[in-house]
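Asker: Let me begin by handing over the structure; questions about it come next.
The values are calculated or read from the model by the stated rules, or taken from the named source; none is laboratory data. These numbers were taken from a predicted model, which means no experiment stands behind them. Using ideal geometry, Cβ is built from the backbone for each residue, glycine included, and neighbour counts are taken over all protein chains shown.
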Amino acid sequence: MPASAAKRARIVLLAADGLANTRIAELVDATVTTVLGWRNRYQARGLTGLADAPRPGRPRTLDHRAIVAETLKPPPKKLGVTHWSTRLLADRLKISHKSVARAWSAYGIKPWKAESFRFSTDPELVGKVTDICGLYLAPPENAIVLCVDEKSQIQALDRTVPILPMQEGRIERRSHDYYRHGTTTLFAALDIATGQVTAALKPRHRHQEFLAFLKQIERTYRDVLDADGEVVELHLVMENYAAHKHKDVKSWLADNPRFVVHFTPTHASWMNLVEVWFGIVERQAIRRGVFKSVKDLNAKIRAFIDGWQERAHPFVWTKTAEQILAKANRPTTSNPRH
């Protein structure tokens, strides 16, 4: 409800609790006169007394619905614009641009904003979502769940002017232009139960590098045994990247049945929890870093990973498959092209 209505209701409820008018005024950030006024209106007319009274002045002559209806139509081609502005529409309707703005505000119309969306076209969407959510929410016993992926094309950027450090009253400042010194690729396998990360930095991200990383994971967890002394299974959550499905990779996985692969649905890489960790790396170690070379970039990423292992924490998934699938369905629309 509007904040004004909530404030009036709170005044009445506090009065019912027996608080003094001065105390009520302090709690709701109002004057004593305002408190008395709303108490009197409630006493006289009940809940209807808390509603807004008719505003003074002449009645509105502009129909907001007509303005909104015109807004929803595409602008004429001769204007060469993709959407209406208040002034363009006001000029067309021969009214004030402020009237257009008020109509847009009343109906929540924002022609200047646009959002993107993408639906998964995976025919196995339901099965994959259910599988991965089950893996996160109820991991199999005597097994380790690893979210595996690569963050490719990490640029080693060096600023043309030294960074001006943060000072009292001033944030850190840097030059807009930069030098590029090459790129690197970060391969990572996140253990969701502990937050520990197995990582490797490689110059490229082909299937050869990915296969080498899988072998590194195997060596890392080779001696991890369950309570019965048996080797634990490794469940890998991976995306539908071509390198992950290369015949050499498939052949190696077939020869190592300890690895169980779970692919995320198409266009649903956000279901891979290692993407959350990549976001942490980007924000805390890469985005504001200054790197003189790829070697320098790799060294600083390794330093971050070493520090992360000491403060690692579990990554907890909370959404069920039903909640995700309810949003994954295409929304209904009046547009016949959808």
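Asker: From the list Arg118, Arg58, Arg92, exactly one residue is under 29 Å from Ala3 (Cβ atoms) and basic (Lys, Arg). Which is it?
Answerer: The conditions single out Arg58.
Asker: Under the condition of being of a type in the set (A, V, I, L, M) and outside any helix (DSSP H, G or I), which residue from the range 57-93 is farthest from the chain's Cα centre (by Cα)?
Answerer: Here the answer is Leu62.
Asker: Of the residues that make up the range 201-210, is at least one in a strand (DSSP E or B) and at pLDDT 90 or above?
Answerer: yes
Asker: Next up: Would you pick out the residues in the range 135-177 that are of a type in the set (Val, Ile, Thr) and in a loop (DSSP other than H, G, I, E, B)?
Answerer: Thr160, Val161, Ile163, Ile171
Asker: Among the residues in the range 274-281, are any modelled with pLDDT of 90 or more, surrounded by 14 or more Cβ atoms within 10 Å (Cβ to Cβ) and more than 17 Å from the chain's Cα centre (by Cα)?
Answerer: Looking for residues that are modelled with pLDDT of 90 or more, surrounded by 14 or more Cβ atoms within 10 Å (Cβ to Cβ) and more than 17 Å from the chain's Cα centre (by Cα), one finds none in the range 274-281, hence no.
Asker: Have a look at Asp63, Asp149, Asp122, Asp91 and point out the one that is among the charged types (D, E, K, R), out of contact with any strand residue (DSSP E or B) (no Cβ under 6 Å at 6 or more places or on another chain), farther than 30 Å from Tyr221 by Cα and crowded, with 16+ Cβ neighbours inside 10 Å.
Answerer: Checking each option against the conditions leaves just Asp122.
Asker: Looking at Ser120, Ser152, which one is more than 30 Å from Pro203 (Cα to Cα), of a type in the set (S, T, N, Q) and within 22 Å of the chain's Cα centre (by Cα)? Step through it out loud before you land on a result.
Answerer: Numbers: Ser152 fails: more than 30 Å from Pro203 (Cα to Cα).
Criteria check complete, one pass: Ser120.
Here's the yes/no breakdown for (1) at pLDDT 90 or above; (2) assigned by TED's automatic domain parsing to the domain that holds Tyr136; (3) over 25 Å from Ser175 (Cα atoms); (4) assigned to a loop (DSSP other than H, G, I, E, B):
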position	(1), (2), (3), (4)
Lys295	yes, yes, no, no
Ile301	yes, yes, no, no
Ile305	yes, yes, yes, no
Trp308	yes, yes, yes, no
Val316	yes, yes, yes, yes
Arg330	no, no, yes, yes
Thr333	no, no, yes, yes
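Asker: I need a count of the residues in the range 254-273 that are assigned to a strand (DSSP E or B) and surrounded by 17 or more Cβ atoms within 10 Å (Cβ to Cβ).
Answerer: Residues flagged as assigned to a strand (DSSP E or B) and surrounded by 17 or more Cβ atoms within 10 Å (Cβ to Cβ) within the range 254-273 amount to 3.
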